[in-house]
Amino acid sequence: MGPVLAGVLQLLALTGALALLHAPVGTYMARVYSSDRHLRIEKWIYRGIGADPDTQMRWPAYLRGVLAFSVVGVLFLYLLERIQGVLPGSLGFSSVDPAQSFDTAVSFVTNTNWQSYYGEQTMGHVVQTAGLAVQNFVSAAVGMAVAVALVRGFARSRTGELGNFWCDLVRGTLRILVPAAAVAAVVLVACGAIQNFSGIHEVGQFMGGTQQWNGGAVASQEGACNRARPGVRTSLLAPLALARMTA
């Protein structure tokens, strides 16, 4: 099969998948972003961050929320990488150098997930789970929230109200991305993917010799990655909801 034919078939398969998912997934996502009901765990989060989810934001307030959350995310992830050497579960890895830490932090917060290093040889369990995996969820949720705010801007051009960024962020994470990633992680574990917090193991190879393998939360991390990264996957999810919201 030539590359052109493979590309055409992939495009047709993607179009068919979107056509099949448009109604069920789009309807569900539209309900998520337009519902007036807040789950109990969502109320706890809003209370913890001091946000009122029922307050409608115009574009300046929505933009400030996006930028503030992203800046805090970059600083937190950068700090986490820089202090890795003193964190538990670091697997003996030292702190990530400043340039690499900043590049990785900005990359994951902006949902581009650029990695110029071997993750299993650079990051310990805490940085992988509390840092990178968290950003796999929330950075995608930010992108989805902005897409939903965009369509609200067209639909509510007379009022200028775009919804509430904190509400969109929390709902996109807890009601869409986390459940989808959990299902994917279970499937990966069932297929033999690693899911533990063990250290480095030396295992025998089929052709002789040994190789060192790291333990880690691989299934849950990949479940999050495959649902939320990079921007292409996120941009394919959001229009499903947008079409239903404007129907």
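From the P(r) of the range 158-221, can you give the percent of Cα pairs sitting at distances over 14 Å?
Values: 1441 of 2016 pairs.
Result: 71 percent of Cα pairs exceed 14 Å.
Residues whose amide H lies under 5 Å from that of Asn214, counting only those 5 or more places away or on a different chain, are His201; hydrogens are built 1.01 Å from N in the peptide plane. Across all Cα atoms of the range 50-127, the radius of gyration (one decimal) and Dmax (whole number) stand at 15.6, 48 Å.
Each listed q (0.19, 0.23, 0.24, 0.27 Å⁻¹) maps to a log10 I(q)/I(0) for the range 1-59, found by the Debye formula over equal Cα scatterers with no solvent: -0.80, -0.96, -0.99, -1.07.
Across the alpha-carbon atoms of the range 1-112, the computed radius of gyration and Dmax are 21.0, 56 angstrom. Pairwise alpha-carbon distances in the range 115-226 exceed 16 Å for 68% of all pairs. With a Förster radius of 30 Å applied to the C-beta separation of Ala99 and Asn196, the computed FRET efficiency comes to 0.45. Over the range 11-245, all Cα pairs binned in 10 Å intervals from 0 give whole-percent P(r) values of 7, 28, 33, 21, 9, 2, 0, 0, listed from short to long. With a simple spin-label model that places each label point 7 Å from the Cα along the Cα-to-Cβ direction, the separation between His22 and Arg64 comes to 3.9 nm.
Taken together, the values in this text are just the output of simple stated rules run on the coordinates, not laboratory data. The shown structure was predicted, so the numbers you read here are calculated from the model rather than taken from an experiment. Using ideal geometry, Cβ is built from the backbone for each residue, glycine included, and neighbour counts are taken over all protein chains shown.
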